[in-house]
Amino acid sequence: MTGTVGIGMIGARFMGKAHTNAWRQASIFFDPPLKARLRVVCARSPRVHEFARRWGWEKSTTDWREVIEDPEVHIVDICSPNNTHHDIAIAALEAGKAVCCEKPLAMNSEEARRMVEAARRSGKLHTVWFNYRRVPAIALARQLIEEGRIGRVYHFRALYLQDWTMDPAVPLVWRMDKQVAGSGVTGDLHSHIVDLSNYLAGEIESVAGVSRIFVSERERPEGGRARVEIEDASVFLCQYANGAIGHFEATRFANGRKNGNIFEINGEYGSLYFNLEDMSRLWYFDSREPKHIQGWKRISVWEEVHPYMNRWWVPGCAIGYEHTFANQAADVLFALAEGKPVPPTFEDGLKCQLVLDAVLEACQTGQWVKVKKAE
Ligand code: SOE
């Protein structure tokens with residue numbers, strides 16, 4: 001297929017900006033056979049009309065069903081809050097559209113399962129915006145693992161650290177509202193590092209964890225006090241099907257940490273380390289090098305040979321957060337043209353959700369919990 005594909009985007013806030021920018025940049029920098037056409041953007045607030053004008057959308061609406069009904073929309077891009085993903089994705093798939101859905105895929109694994117079934121029935125492209133898989137340094141980590149450079153994985157440890165809700169005066173916005181978000185840091189932050197673990201380390205079989213709510217009451221944005229029902233912080237241990245063990249920490253109470261997404265993998269022959277706050281680097285230790293020159297190698301992932309980098313700037317000119325979305329949008333445009341799937345698919349979204357559900361249960365019961373199988 002060549003030509004243009006109409007995008008219908010639902011949600012016009014933080015992720016709405018990231019995705020709009022991604023569709024534009026992907027079409028220009030990657031020159032895919034199918035170019036994105038910013039057909040219609042939707043949000044509940046009438047502010048969406050101004051958003052459309054500023055960001056270059058042809059049309060805007062406050063009713064998401066209009067997006068699904070538009071015959072010129074081929075891809076429905078969902079970046080509205082978590083409790084809307086299920087209904088919109090299923091309606092879009094049933095209307096024969098491809099669907100790109102923000103993370104976490106759903107409020108829980110029952111919803112995610114229904115979304116997977118709808119995706120399979122439709123035969124249409126489906127993907128989840130776990131954008132960190134498209135950080136070139138993380139894609140390189142996967143390449144090094146596939147090349148056998150660290151051998152069997154023994155440990156995966158990951159941290160996702162933020163501090164934006166520490167002030168008790170921060171209102172109970174949707175990411176802190178259980179009815180809208182489903183969970184706190186589990187769905188919002190663990191989802192990212194669990195997906196990276198699925199991508200890099202393998203399948204998690206069981207988990208045990210603890211979580212905390214540090215501020216128990218907050219003001220609602222529309223006024224009035226409300227009890228906080230989502231976890232501010234969560235830590236869990238896990239066992240992998242391949243024998244590895246891991247631990248994960250996600251918190252919005254790590255003073256000074258803004259978007260610290262960090263992991264380390266220790267394998268038989270070597271180790272890998274990544275920190276999003278220095279996202280052009282991948283650290284690699286190779287124990288098979290002669291002892292007298294062994295040490296951690298800091299690879300600057302901006303050479304043409306590195307994943308995605310031949311589409312961006314010359315070596316030394318780093319790329320950033322927004323490019324991870326552009327890289328994924330480009331993969332979607334190529335995959336659609338070639339009739340191929342584009343990971344992470346809804347199946348990957350479900351696998352992640354099953355781990356998240358197990359983590360929530362483990363934190364609630366204080367017990368080890370087995371992760372249910374996707375199939
Ligand atoms: C939370 O603060 C958040 O915006 C997440 O929801 C995003 O997925 C992450 O990329 C940045 O942090």
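The values are calculated or read from the model by the stated rules, or taken from the named source; none is laboratory data. Just so it is clear, the structure is predicted and the values come from calculations on it, not from any experiment. Note that each Cβ is placed from the backbone with ideal geometry, even for glycine, and that neighbours are counted across all protein chains shown. Remember, those area values only see protein heavy atoms, side chains included, never the ligands or the DNA or RNA. Shrake-Rupley method; radii C 1.70, N 1.55, O 1.52, S 1.80 Å.
Applying the selection to the stretch 156-173, what residues are away from the ligand (no atom under 12 Å from the Cβ) and either more than 17 Å from G209 (Cα to Cα) or crowded, with 23+ Cβ neighbours inside 10 Å (or both)? Correct list: F156, A158, M166, D167, P168, A169, P171, L172.
Of the strands (runs of 3 or more DSSP E) lying entirely inside the stretch 208-268, those carrying at least 1 residues that are hydroxyl-bearing (S, T, Y) and within 16 Å of the ligand (Cβ to nearest atom) are 233-240, 245-251. When restricted to residues that are within 15 Å of the ligand (Cβ to nearest atom) and of a type in the set (A, V, I, L, M), the stretch 269-289 contains 2. Among the residues of the stretch 290-307, some residue qualifies, meaning at least one is more than 16 Å from the ligand (Cβ to nearest atom) and of a type in the set (S, T, N, Q).
Taken together, the residues in the stretch 8-37 that are closer than 21 Å to D63 by Cβ and buried (at least 20 other Cβ atoms within 10 Å of the Cβ) amount to 9. When E322, E338, E361, E347 are checked against the criterion of being at pLDDT 95 or above, assigned by TED's automatic domain parsing to the domain that holds G187, open to solvent by 20 Å² or more (accessible area, probe 1.4 Å) and within 19 Å of R134 (Cα to Cα), a single residue qualifies: E322.
Tell me, yes or no, whether the stretch 10-19 has at least one residue that is charged (D, E, K, R), within 16 Å of the ligand (Cβ to nearest atom) and assigned to a helix (DSSP H, G or I). The answer is yes; a qualifying residue exists.
For the stretch 174-189, which residues satisfy the criterion of being touching a strand residue (DSSP E or B) at 6+ places or on another chain (Cβ under 9 Å) and within 11 Å of the ligand (Cβ to nearest atom)? Within the stretch 174-189, M176, G184, V185, D188, L189 meet the criteria. The set of residues in the stretch 241-288 being of a type in the set (D, E) and either in contact with a His (Cβ under 7 Å, 6 or more places away or on another chain) or open to solvent by less than 50 Å² (accessible area, probe 1.4 Å) (or both) consists of E264, D286. Of the listed requirements (1) in a strand (DSSP E or B); (2) more than 20 Å from I138 (Cα to Cα); (3) among the acidic types (D, E), E289 misses just one: (1).
For the stretch 144-184, taking the residues that are of a type in the set (D, E, K, R) and under 21 Å from the mean Cα position of the chain (by Cα), the one that is nearest to F274 (Cα to Cα) is identified as R157. With the condition kept exactly as written, say whether any residue in the stretch 87-101 is under 17 Å from L360 (Cβ atoms) and either out of contact with any His (no Cβ under 7 Å at 6 or more places or on another chain) or modelled with pLDDT of 95 or more (or both). No, the stretch 87-101 contains no residue that is under 17 Å from L360 (Cβ atoms) and either out of contact with any His (no Cβ under 7 Å at 6 or more places or on another chain) or modelled with pLDDT of 95 or more (or both).
Quick one: is V314 open to solvent by less than 20 Å² (accessible area, probe 1.4 Å) and either assigned by TED's automatic domain parsing to the domain that holds Y199 or over 28 Å from G187 (Cα atoms) (or both)? For V314, the condition - open to solvent by less than 20 Å² (accessible area, probe 1.4 Å) and either assigned by TED's automatic domain parsing to the domain that holds Y199 or over 28 Å from G187 (Cα atoms) (or both) - is not met. Listed by first and then second residue, the pairs with beta-carbon distance under 6 Å, at least 6 apart or on different chains, first residue in the stretch 180-191 and open to solvent by 10 Å² or more (accessible area, probe 1.4 Å) and assigned to a helix (DSSP H, G or I), second modelled with pLDDT of 95 or more and more than 9 Å from the ligand (Cβ to nearest atom), are V180/P81; V180/N83; V180/W174. The requirement of being open to solvent by 20 Å² or more (accessible area, probe 1.4 Å), assigned to a loop (DSSP other than H, G, I, E, B), in contact with a helix residue (DSSP H, G or I) (Cβ under 7 Å, 6 or more places away or on another chain) and within 16 Å of the ligand (Cβ to nearest atom) is fulfilled nowhere in the stretch 124-137; no residue meets it.
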